[in-house]
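Asker: Before anything else, here's the structure in question.
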Amino acid sequence: MNQHIPIDVEAIERATVAAVAPREVEELRGWLVAYDDVTVNRARSAVPLRHDAPDAKAVPQIVERYRARGIMPNFRVAQLASMHEVEGELARAGLQSLQPTQVLVARALEVARAAAEGGVAVRREPDDAWAAVFLGEGFDPADGASRVATLARANGSLFAGIREGAAVVAGGVLALGHGWASIHGMRTALSHRGRGLATRILAALAREALKRDHDRIALQVEVANDTATRVYRRCGFELAWTYAYWREQ
């Protein structure tokens, strides 16, 4: 657990779900349950709002509610000893632990110092050029289109992009809520990687967070994504916790 930044699990989870704007969200016995048919797992998964003694007996009820909606049951569960009973219920429901993902946190001031100002445009609405970076070489176009639609419908998000000519070659999204700034949708065109563009996007979004009196930033990255993790670490992010998705194989 990060010792430098106060970690409020419930606030981070609420901010995370709000940033991806699921079509339906409900609270059930201490769980925040998101329902959607998009490819973004955070918009279609259930997560406990606390890490100490979450209600494991809610799992079968949540599974039933997903299936009643024709949606594959999907859970985000921290990899902690306190989740042992929850994991048992998930396994009994026929779900498996997949896609380990890190929750990283940082001070916005430190991230803002990672790159000089300039060259990053921040807008209140995404345009077609910004969306196109999700659809280019190296990305699944169906997944990219789903992610753009999900991120674009959240209220109050900011969309950062670096342009070369008419094309956006790197982008990211900042959402604000529940005392946290959260970063989502970090993408760099395949042909422009290794040039520090992601760092410039992160720093620009951190400055926007500071302008709006948000000093704490959170983001999520898959454990297997070593390249992105190194970038985030260099910018000042530290591990808060790791979770896995539990769903059918």
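Laboratory data are not the source of any read-out in this text; all were calculated from the coordinates shown. Worth saying up front: this structure is predicted, and the values here are computed from it rather than measured. All Cβ positions, even for glycine, are placed from backbone atoms using ideal geometry, and neighbour counts span all protein chains on display.
Asker: Give the span of region 1-127's Cα atoms along each principal axis, as three whole-Å numbers ordered largest to smallest.
Answerer: 52, 38, 23
Asker: Okay, moving on. For the chain, state what percent of all Cα-Cα pairs lands in each successive 10 Å bin, counting from 0 Å until the bin that includes the largest distance.
Answerer: Reading the bins upward from 0: 7, 32, 36, 19, 5, 0.
Asker: Here is a follow-up. For region 51-122, what is the largest minus smallest coordinate of the Cα atoms on each principal axis, given in angstrom and ordered from greatest to least?
Answerer: 51, 31, 18
Asker: Arrange the following residues from fewest to most other Cβ atoms within 10 Å of their Cβ: Arg65, Arg195.
Answerer: Values: Arg65 17, Arg195 13.
With the fewest neighbours first, Arg65, Arg195 line up as Arg195, Arg65.
Asker: Output wanted: per-residue J couplings in Hz (rounded whole) for region 65-71, from phi through Karplus 6.51 cos²θ - 1.76 cosθ + 1.60, θ = phi - 60°, x for Gly and Pro.
Answerer: Once θ is set to phi - 60°, the couplings for region 65-71 become 6, 4, 5, 5, 9, x, 10 Hz.
Asker: Then there's this: Suppose R0 equals 45 Å; then what is the FRET efficiency for Lys57 and Asn155 from their Cβ-Cβ distance, rounded to the nearest 0.05? Before the final figure, lay out the partial values.
Answerer: On the way: r = 34 Å, r/R0 = 0.75.
Computed FRET efficiency for Lys57 and Asn155 comes out at 0.85.
Asker: What number, rounded to the nearest 500 deg cm²/dmol, is the helix-based mean residue ellipticity at 222 nm of the chain, given -39500 (n - 2.57) per DSSP H run of at least four residues and division by all its residues?
Answerer: So the helix-based figure for the chain works out to -9000 deg cm²/dmol.
Asker: Within a 10 angstrom radius of the beta carbon, how do Phe139, Phe159, Phe237 rank from fewest other beta carbons to most? Numbers along the way, then the final one.
Answerer: Numbers: Phe139 16, Phe159 23, Phe237 26.
Ascending number of Cβ neighbours within 10 Å: Phe139, Phe159, Phe237.
Asker: Is region 137-213 rounded, prolate or oblate when judged by the Cα gyration tensor, a ≥ b ≥ c being the square roots of its eigenvalues, rounded requiring a/c under 1.5 and prolate requiring a/b larger than b/c?
Answerer: Details: a/c = 2.29, a/b = 1.32, b/c = 1.73.
Note, shape of region 137-213 comes out oblate.
Asker: Could you tell me whether region 106-242 comes out rounded, prolate or oblate from its Cα gyration tensor? Rule is a ≥ b ≥ c as square roots of the eigenvalues, rounded for a/c under 1.5, then prolate if a/b exceeds b/c, otherwise oblate.
Answerer: Note, shape of region 106-242 comes out rounded.
Asker: Quick check: Cα centre of region 208-242 to Cα centre of region 38-76, how many Å?
Answerer: Answer, in whole Å: 25.
Asker: If each residue's Cβ is checked for other Cβ atoms within 10 Å, how do Glu208, Glu137, Glu24, Glu13 rank with the fewest at the top? Can you show the working numbers first?
Answerer: Values: Glu208 19, Glu137 7, Glu24 11, Glu13 23.
Starting with the residue having the fewest Cβ neighbours, the order is Glu137, Glu24, Glu208, Glu13.
Asker: What order, most packed first, do the peptides 239-248, 110-119 have when packing is the mean number of other Cβ atoms within 10 Å of each residue?
Answerer: Output ranking for 239-248, 110-119: 239-248, 110-119.
Asker: Once you sort the root eigenvalues of the Cα gyration tensor of region 34-79 as a ≥ b ≥ c, which label holds: rounded (a/c under 1.5), prolate (a/b larger than b/c) or oblate (the other case)?
Answerer: Details: a/c = 3.00, a/b = 1.41, b/c = 2.13.
Here region 34-79 falls in the oblate category.
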